[in-house]
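To keep things clear, I will list the structure first and then write my remarks on it.
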Amino acid sequence: MKTLLPLGLLFTLLPLIGLAAEIGAPPSGGADHEGTLKAEPEPFAAEDRQAKADVEITPPPPNPISQLARFVSPKLVKLEQRINWLDRELATLAKPENFPQRYRIGHRGYLASEDAPDPQVVLDLGERMPIDDIFLIPCQRDRPEDPGIFPASFTLEVADRADFSDARIIHQQGRSTQEPAKIRLLHVQSRLSGRYVRLRVHLKYNENTIDLFGLAEIFVFSNGEPVSLNATVSANGSLENNAMWHPEALNDGRTSLGAWDHGKPATGKRGDAVIVQDPDEPTTWQLELPEHGGIDRIVLFPYQVPGAQHLSIFPDTLQVLSRDGGSDTMIQQWANPLPGANQLSPLVLALEGIQTRSIAIRAISPWSMGERHISALSEIEVWSEGRNLATGRPVTRLQGEERSEVHSLTDGYSSNKPIAPVRVWLSQLIKRSNIEQELNALREVHRKLSTRSELNVSWGAAVMLGMTFLIPVFIFERRRMRSKDHLDIIRKRIAADLHDDIGSNLGSISLIARTVRKDLARLNGPEQLDDDLGEVELIARESSLAMRDIVWLLEREQDSIGDLVHRMRETAGRLLRGTDFILECSSERTTSRLTLDAKRHLFLFYKEAIHNILKHSKASKVSINLWDEGDRIGLEIVDNGIGLPVDTDKKPVSIKKLEDRAAILSGELKVKSSSESGTHIRLLVKHAKLTTPSKSS
């Protein structure tokens, strides 16, 4: 034994010392990973950055030194977890297309002389209303190195009077240098109200050339609605070109960022495209609308040709008609200033509350390429008081003597992706820009830290592994044995959930199948049978989804708070598909590991709350937030529905399961529910309770 130990030490040291020599000394002059690293957010460079991310974030090579460096360096592990979580989060966000427009590409303003007043843009919203959000969209750029002409110094104001004698400042921004600001997408939040919104730009930083600024679009939101799309725009100091730059292009909804869509591409037919034999014969899409308070705007999405990047089809000339009373009344007509010009942005037609129950979109001039003529759209939206009246309604296509029914023009998809509300789409672009900025900084820190850690581990491991070989094996085995019993108990509990959920659903399926046979024999008709079979399909699908959730709960590799947030987002997207929802996570503990028991109860609490919304609340908007509050983590779910059913004591009757889950987590649960303000569920749980295994588990 005395002879074997020195030999083992020798054979252990030789490869490690050789590997350490190959790595060499750490690079000098590198900033510490805890230092401040800045990167200018540029959403137009999203595709290039994503390509770089696919290369840089590949898993580390499976060599012992890399693995051991991550074992002894918690900072490196947390850094990699944060990068991976940000990458997964990035994959769920909308991506700008960076597609250049050829006409109505925004507004240019300039300072004519040093004595001239500051150039400004004023939006008249028509009436006084609360201002929630303002998004400033930069002008499109022709070259990647173009810094853009986004205003470096400006003031955003709101007023009730047209002369702005009662102006109140929403946001004010100055410049720290004499250089123009780099191109960016800016989001400003407000708690003020007013009728007029003014952007006043402070120039005077170019001494020998013209003082110039530019924007592609200004979006103003009130109660979640893009009220700027119906606003009247005026400006002074305008550098106008009617085909390209003028103030009215600031609220037409057109940007170079592409369609308002996000998510994974869908399969199957989306939109409607038809070949036109006679270009002088119009193609008409007609749909009947439910009762409403007046149409605010119509949004038409172009049809993107499958497999042809940035090639879209849209009529060169179209009319919007009202067909009430059997006669056609033209509401609005639009013509492409550059016939045949390609576009990806949706076309927004402001209608100012027009009353009609039947809308027709008539393509007067089709899109043409050579001898091929095509009329096409990918989606029709008809908005009234914050609702899309066209959702799910059939569309009748009229072409000559042919009459066809189309369902793919109101399914909520653009050419291949789900359409997001424009505010959600813009918020996701802002979030993507911030995440890309953070990722660029973290990847550079990761490279330096991993090199330094591997070098230190190479020398440290040579000494430690030479002195003792069995200690790591002993520690690993001891930790495995201690966690085995704990994991067995949790697996039994989850298996019980699996048995209860799936067993109950399968029992229901059996009972319904028996009812189907009786209905078939008794009714001798397909209608009742069809209803029963539909219920069988629904319960079977719910069983499959419940099985997927339980299998996910058993996954050891997805047990961080960030993984839970990612799963919560997927679940909400699946269950709340017809509801406008926002899920935000401001917690700084996304890389913290949850115990299996805490992960299970917290997720099932969240899922039960979402099911209550679907069953009882009839909500149109849902807000989900996860944040840190001292040593506790908070989860809040708020909807604008009609509230939960109550018993004789006016206490909600559908929260028993929520209370049970909260009690198991030793959390503080507050539930407020009313028919006027909807339901507000708030849970606070100590961080230690979620990350430390309990003895009773």
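The values are calculated or read from the model by the stated rules, or taken from the named source; none is laboratory data. Computed from a prediction, not measured in an experiment: that's the story for all the values here. Here the Cβ is made from the backbone with ideal geometry for all residues, glycine too, and neighbour counts use every protein chain on show. In case anyone asks, the SASA skips ligands and DNA or RNA and just uses the protein heavy atoms, side chains included. Shrake-Rupley method; radii C 1.70, N 1.55, O 1.52, S 1.80 Å.
At a glance:
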read-out: Protection proxy ranking, peptides 681-687, 273-279, 115-121, 132-138, average beta carbon neighbours within 10 Å, highest first; value: 132-138, 681-687, 115-121, 273-279
read-out: Residue-span extension gain [Q277 to K686] - 0.36 nm each, minus C-alpha spacing; value: 140.4 nm
read-out: Cα pair distances in segment 364-407, grouped into 5 Å bins until the bin that holds the longest one, percent each; value: 5, 16, 20, 21, 18, 12, 6, 2, 1
read-out: Solvent-accessible surface ranking, highest first, for D124, D163 at 1.4 angstrom; value: D163, D124
read-out: Dipole of segment 362-435, positive direction: furthest Cα of L398, A420, I430, with charges on the beta-carbon; value: I430
read-out: Calculated P(r) tail over 27 Å for segment 298-440, as whole % of Cα pairs; value: 27
read-out: Fraction of alpha-carbon pairs over 15 Å apart in segment 572-654 - percent; value: 64
read-out: Full-stretch length increase - H187, E127 - with 0.36 nm per residue and alpha-carbon distance subtracted; value: 19.3 nm
read-out: Rounded to the nearest 10 Å², the accessible area of E608 at probe 1.4 Å; value: 40
read-out: Descending semi-axes in whole angstrom, ellipsoid equivalent of segment 182-291, from the Cα gyration tensor; value: 36, 21, 17
read-out: Kirkwood-type radius of segment 370-446, with distances r between different C-alpha atoms, in Å; value: 16.1
read-out: In Å², nearest 10: area of V77 left accessible to a 1.4 Å probe; value: 40
read-out: nm² value of the averaged projected area, convex hull over the Cα atoms of segment 305-359; value: 5.1
